[in-house]
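Working notes, structure below.
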Protein chains: 2
Amino acid sequence: MQNFDTLLSDGPAIVLVEPQLGENIGTAARAMANFGLKDLRIVNPREGWPNERANAAASRADHVIARARVFPTVEAAVADLGFLLATTARSRALAKPVLGPKEAAAALRPRAANGIAGGILFGRERIGLMNEELALADAIVTLPVDPEYASLNIAQAVLILAYEWRLSGFSGEAEALPFGRPDDPPATKAEMLNLFEHLEASLDAASFFRPPERRPSVVEGLRAMLQRAALTGQEVRTLRGMIAAIERRPTRPRDRGDGTLTTGRGDEP
Amino acid sequence: MQNFDTLLSDGPAIVLVEPQLGENIGTAARAMANFGLKDLRIVNPREGWPNERANAAASRADHVIARARVFPTVEAAVADLGFLLATTARSRALAKPVLGPKEAAAALRPRAANGIAGGILFGRERIGLMNEELALADAIVTLPVDPEYASLNIAQAVLILAYEWRLSGFSGEAEALPFGRPDDPPATKAEMLNLFEHLEASLDAASFFRPPERRPSVVEGLRAMLQRAALTGQEVRTLRGMIAAIERRPTRPRDRGDGTLTTGRGDEP
C-alpha cells in the first residue's frame, strides 16, 4: 500500500540506482533539500551505506541523508509507488511517453494531489539505467541539454527535476485535475511487478519464448505495453486472475465430459 | 561597445564574483556547457587563475574554461553589457524588480534577440553580492528554494538559470517582442557607471552628502533609481551633458551683469 502520510507531503521519491560516488548522493540530497524533497532512496550504493562522503557533500541536508533508505533492487525501491518516471540522456526506441522536466512535474503534481505516490529514477554515473529498469517507468524524462555537450551529473539532473517539482506547486491547478479515483487507484509498482512475473512465468511454462535468446527483448516490450496501459490495481487483479485461470486449463473451453464447458474463469483463489 | 558576434550567440555572460573555490568555477562551467552557455567571466578569483581544480571539476567543459576571462572588478566584468541581472538568496529592500529564473530568462531572451548583451551576477560562496554590486543590476533574480533549507551553491544557481535560458529558446516568441531599437539601444553598464561617477563626483563637489556617513546609502539609492529607469545610451549622454552644464554654473539663473540671464544650458562640449 502507498504510504500517503510521508510521501505525499514530500513530493516524489528520488531513486538513485547504484550510484558509484558518495559525493553524488550527498549533492543530490542537497539539491532535493533546496526544493523541498525529502524521500531519497538508494539502490545498491557501490560504496555502501552510510557513506561519509555523502554526508560531507550533503552540506546541511542531513535530514534527507538521515531519512534515506537503501534497497537491494530497483523493484524493491519503487514497489510502493503508483507513478514512476525514469531519467535518461540518450533517446532510445522505447514505447513510452517522453517528457521534459516541466511536463514531468506537471504529471507528478496532480497525481500526488490525488493520493498517487510518485518517484523518479536516476541511473548510474556512466551507464545510466538498464532497459529493464526503464521498462518499469510510466514515462521517460529527458533534460533539454545541449547535444554538443551532454554531461549532466546525477545531482544536476535531480536539481532540475526538484526545481520543476517545486515550481509546479506554485500554480493552484494541481488539485483540480482529475487523476485516479479513491475507489480505483492506479496499480502500485509492486502490483505491476507481480503481474509481470506472473505472466512471464506462465509464458515460460508454456514455452512461449522461442528462441530463448529473444526472451529479454520480448519481455521488455510486453512490460512496456502493460505499463503504458496505466492499469488500476483492480485491473491488475483481474488480469492476474485471468492468467491463473488460463494456467490451470487450456485456453479453449473444453468438454468436461459431463456436458458442461469450462470457461477458464470463476475459480481463482 | 557590445561585442554582438560572440555574446549573442552564446547567451548571457555568467559572472562569478570572487569565487573562493576552484571546484565551484569548474562545476559552474559544466552547468553552463550543458545548457549551451559559453561566456564565463570571473571577478578576482581567490585561488588565482588558471586553476587546476576548476579544470578538474569542469569535466569536459574545457571550452568554457579556456574562454573564461578574469576581471579585477565587477564593474570591469560587466562594462560591455546592456542588461544585467544579479542573483541573491536573501530578499533585501532593493528598489529593483525581483524575478524568478523563468522570468529572468524571459527578460534576457528578447533583449539578446534585439542585440542587447545580457549577463547574470553570482555572488561569493558565503556572503553573496555586496549592495553596491547589486545596485549595478537592472533586476534581481531569486530562486524559489525551500525557505527552511536554502543552501544552493553557485554551480546549482548557474545550472537553474542556464536551464531556463535554454528552455526560453525553444519558444519562438523571443524574436517578436520589441525591446530596444537599433538606433536607441540601452546604455551599457560602462556608460551607466560613468554616469554614476560623474554625478557622484559632482554631488561631492557640491557637498551634497551630509553627513558624509550617509553617502554610501544615498549613492546606492541613487544608482538603483537610475538603473531602474532603463536609460538608453542617448539618454545617458543627455544626462551627463546636463550634469556638466550644471557643474559649470549655478543652478539658478543669475544676472550676468549685462541684463541677460544664464540658463545653465547651451554650451556643453
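The values are calculated or read from the model by the stated rules, or taken from the named source; none is laboratory data. The structure presented is a predicted model; accordingly, all values stated were derived computationally and were not measured. Positions of Cβ are backbone-derived with ideal geometry, glycine not excepted, and every protein chain shown enters the neighbour counts. Accessible surface is based on the protein model in full, side chains and every heavy atom, while ligands, DNA and RNA are left aside. Shrake-Rupley method; radii C 1.70, N 1.55, O 1.52, S 1.80 Å.
Of note:
- Selection of the range B:54-82 for residues being more than 14 Å from chain A (Cβ to nearest Cβ) and either assigned to a helix (DSSP H, G or I) or open to solvent by 50 Å² or more (accessible area, probe 1.4 Å) (or both) yields B:54, B:55, B:69, B:70, B:72, B:73, B:74, B:75, B:76, B:77, B:78.
- Search result, residues across the range A:218-231 that are touching a residue at least 12 places away in the same chain (Cβ under 8 Å) and either open to solvent by less than 20 Å² (accessible area, probe 1.4 Å) or assigned to a helix (DSSP H, G or I) (or both): A:219, A:220, A:221, A:222, A:223, A:224, A:225, A:226, A:227, A:228
Residues checked against (1) part of a helix (DSSP H, G or I); (2) crowded, with 16+ Cβ neighbours inside 10 Å; (3) modelled with pLDDT under 80:
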residue	(1), (2), (3)
A:175	yes, no, yes
A:200	yes, yes, no
A:204	yes, no, no
A:215	yes, no, no
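- Flag if residue A:187 is of a type outside the set (Phe, Trp, Tyr), at pLDDT 90 or above and crowded, with 16+ Cβ neighbours inside 10 Å: no
- Scanning the range B:8-17 for residues that are within 14 Å of chain A (Cβ to nearest Cβ), surrounded by fewer than 24 Cβ atoms within 10 Å (Cβ to Cβ) and either in contact (Cβ under 8 Å) with a residue 12 or more places away in the chain or within 21 Å of residue B:87 (Cα to Cα) (or both) yields a single hit, B:10.
- From the list B:160, B:116, B:120, the one residue that fits, being β-branched (Val, Ile, Thr), modelled with pLDDT under 90 and open to solvent by less than 20 Å² (accessible area, probe 1.4 Å), is B:116.
- Picking from residues in the range A:18-52 that are within 14 Å of chain B (Cβ to nearest Cβ) and open to solvent by 10 Å² or more (accessible area, probe 1.4 Å), the one that is nearest to residue A:68 (Cα to Cα) is A:38.
- Verdict on residue B:131 being over 11 Å from the mean Cα position of the chain (by Cα), touching a residue at least 60 places away in the same chain (Cβ under 8 Å) and more than 25 Å from residue B:221 (Cα to Cα): no
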